[in-house]
């Protein structure tokens, strides 16, 4: 495998813009013309549909957590433009490597919502077939999915496959050693990988200022020889345009791209977190007015691509999907204790067989005792 000789030789060609690239401003007006091309009207409508459905899914999943149907749920409210814009830019043959916060993105990729929530419900498996869906299991440890994405992308190149790997990560994950190794390997071996950093301001309670002193996270790409892009993460049109271009470059053998999407996490880190301990309400409200869903809705309405009737119909669809999700998630799952011992090894070890028999014997005694008390 040859090193990344096709990458730009001048450092200036690697640098991101000084301000995030945008196509639609927070009020829904066209941004001043720049280096991005506005996606087609049909794509903009798909982006809006995906964000509306995604937000309703996110709200419903949060409610299911409060009802005890999920063990934990990290909300992505406020990050809809990044989640949907990035995923819709993928081709069918490409792979998605999500994090624990990217359930909305996985659903937008076409995975059954109930299967997506299996992991967060506490099941032992990720819920869906990664090979069939071309979506890796949602990654809970920070940044380990970056290495998986680069490995798959490199393997695809070696096998002569036309496959691009899009890996999602947060600002906190850029401080992990795994991210450094993944970026370095991707650059050296020119892998078809797109690193999409959703900079939502906080790694749990740690603000960006305590993660890096770089001008932006995107600027880190120059140290690896990787093209870097800084984009407005609340502008779905801009996100789609940037990721689409990065996917096209990767597929053409032009190497990886590091994208930083500047956005904000509206809700707490998870339902177990109290965000009021490390940020004030005024900060949150300053981002609420930059809402990505309203931004695109205003633009589409002004263009005559969205009217009240179409908006109401989409809202009704979102509500119907949320109701279906509630009904399916309110069915208790039946757990088999023997699943603890399945798929640990290709061939079960003697120690594992012994542990399984001990557990089954203990459960038999418990069941017999309960039966005697009935």
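The values are calculated or read from the model by the stated rules, or taken from the named source; none is laboratory data. This structure is a prediction, so every number in the text was calculated from the model and none was measured. Note that each Cβ is placed from the backbone with ideal geometry, even for glycine, and that neighbours are counted across all protein chains shown.
Checking the stated criteria, residue 340 turns out to be farther than 30 Å from residue 215 by Cβ, touching a helix residue (DSSP H, G or I) at 6+ places or on another chain (Cβ under 8 Å) and at pLDDT below 95.
Okay, residues lined up against (1) under 22 Å from residue 241 (Cβ atoms); (2) at pLDDT below 95; (3) crowded, with 24+ Cβ neighbours inside 10 Å:
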| residue | (1), (2), (3) |
| --- | --- |
| 44 | yes, no, no |
| 62 | no, no, no |
| 71 | no, yes, no |
| 77 | no, no, no |
| 87 | yes, no, yes |
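Test residue 163 against the stated conditions and say whether it is part of a loop (DSSP other than H, G, I, E, B), in contact with a strand residue (DSSP E or B) (Cβ under 9 Å, 6 or more places away or on another chain) and either surrounded by fewer than 23 Cβ atoms within 10 Å (Cβ to Cβ) or not assigned by TED's automatic domain parsing to the domain that holds residue 256 (or both). Taking the combined requirement at face value, the residue satisfies it. Among the residues of the stretch 212-223, some residue qualifies, meaning at least one is closer than 18 Å to residue 187 by Cβ, surrounded by 24 or more Cβ atoms within 10 Å (Cβ to Cβ) and in contact with a helix residue (DSSP H, G or I) (Cβ under 7 Å, 6 or more places away or on another chain). Applying the selection to the stretch 108-132, what residues are under 15 Å from the mean Cα position of the chain (by Cα), without any contact (Cβ under 8 Å) to a residue 24 or more places away in the chain and farther than 20 Å from residue 94 by Cα? The answer is 119, and nothing else.
What are the residues in the stretch 306-321 that are surrounded by 15 or more Cβ atoms within 10 Å (Cβ to Cβ) and assigned to a helix (DSSP H, G or I), if any? Working first, answer last.
Taking the stretch 306-321 and keeping what is surrounded by 15 or more Cβ atoms within 10 Å (Cβ to Cβ), we get 306, 310-311, 314, 318, 321.
Passing the criteria: 310, 311, 314, 318, 321.
Being more than 26 Å from residue 239 (Cα to Cα) and either in contact with a strand residue (DSSP E or B) (Cβ under 9 Å, 6 or more places away or on another chain) or outside the structural domain of residue 25 (by TED's automatic domain parsing) (or both) is the requirement here; does residue 320 meet it? So residue 320 does not fit the description; no.
May I ask you to verify whether residue 36 is crowded, with 17+ Cβ neighbours inside 10 Å, under 19 Å from residue 233 (Cα atoms) and more than 21 Å from the chain's Cα centre (by Cα)?
yes
The residue that is modelled with the highest pLDDT, among those in the stretch 328-337 that are over 28 Å from the mean Cα position of the chain (by Cα) and surrounded by 11 or more Cβ atoms within 10 Å (Cβ to Cβ), is 337. Assigned to a helix (DSSP H, G or I) and touching a helix residue (DSSP H, G or I) at 6+ places or on another chain (Cβ under 6 Å): is that true of residue 155 in this structure? Here the answer is no, as residue 155 does not meet what is asked. If you go through the stretch 170-225 and keep only what is closer than 21 Å to residue 243 by Cα and in a strand (DSSP E or B), you end up with 170, 193, 194, 195, 196, 197, 198, 199.
Could you tell me which of the residues 105, 136 is closer than 25 Å to residue 264 by Cβ and in contact (Cβ under 8 Å) with a residue 12 or more places away in the chain? When all the criteria are applied, what remains is 105. Within the stretch 290-305, does at least one residue satisfy the condition of being free of Cβ contacts under 8 Å to residues at least 60 places away in the same chain, loosely packed, with under 11 Cβ neighbours inside 10 Å and part of a helix (DSSP H, G or I)? Looking through the stretch 290-305, none of the residues is free of Cβ contacts under 8 Å to residues at least 60 places away in the same chain, loosely packed, with under 11 Cβ neighbours inside 10 Å and part of a helix (DSSP H, G or I).
Annotation note: of 156, 143, the sole residue that is touching a strand residue (DSSP E or B) at 6+ places or on another chain (Cβ under 9 Å), under 20 Å from residue 175 (Cα atoms) and not assigned by TED's automatic domain parsing to the domain that holds residue 341 is 143.
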